[in-house]
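Q: Below is a structure I'd like to ask you about.
The values are calculated or read from the model by the stated rules, or taken from the named source; none is laboratory data. What you see is a predicted model, and the numbers here were worked out from it, not measured in a lab. Because the Cβ atoms are built from the backbone with ideal geometry, glycine has one as well, and the counts that use them run over all protein chains shown. Each accessible area value is taken on the protein alone, full model and side chains, heavy atoms only, with ligands, DNA and RNA left out. Shrake-Rupley method; radii C 1.70, N 1.55, O 1.52, S 1.80 Å.
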Amino acid sequence: MNKKRVSLIVFIIGLLTLIAGVVFLIVRLSAGPSIADGEYLVSVGEWKEQDEPSVIWNFTEIGKGTLTTNNHTNDYDFIWAIEDGKLKVNTEWLYTLNDEFDYTLDQNGNMLTLTRGDETFTFVPVITE
């Protein structure tokens, strides 16, 4: 009688472990691939500001990019970095601009939100056809 009880307990523990493993597997597979924010910005490439579609930031490679404020009439080089939850951007305009933004990147929703003080800028991918 005692051996049957131990066997039943071991069976129940094994079954619960199997169920937990299947749940973790399903959650992990449904989450999709997660890549670093910088890599994601580069993989999308061009991002346009929702309220000003002529403002386009192009993250060409990790740490480098170009931007325009007039739909590519003039393009300016910039360097960028993500540090401590901030997007730091140095732009070679008429003079060097050093900007720092708090950022939120929604990879599933394809939305980049930059905040500086009370200003908020929302960017979405440029769709080319």
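Q: Which of (1) under 23 Å from the mean Cα position of the chain (by Cα); (2) over 23 Å from Glu92 (Cβ atoms); (3) of a type in the set (Val, Ile, Thr) is the odd one out, the single condition Val10 does not satisfy?
A: It fails just one condition, (1).
Q: Yes or no: Thr128 open to solvent by 60 Å² or more (accessible area, probe 1.4 Å), over 13 Å from Asp37 (Cβ atoms) and in a loop (DSSP other than H, G, I, E, B)? Please lay out each step first, then the result.
A: Working: open to solvent by 60 Å² or more (accessible area, probe 1.4 Å): yes; over 13 Å from Asp37 (Cβ atoms): yes; in a loop (DSSP other than H, G, I, E, B): yes.
It is true that Thr128 is open to solvent by 60 Å² or more (accessible area, probe 1.4 Å), over 13 Å from Asp37 (Cβ atoms) and in a loop (DSSP other than H, G, I, E, B).
Q: Considering each residue of the stretch 92-120, count those that are among the acidic types (Asp, Glu), modelled with pLDDT under 95 and within 15 Å of the chain's Cα centre (by Cα), and give that number.
A: Number satisfying all stated conditions: 1.
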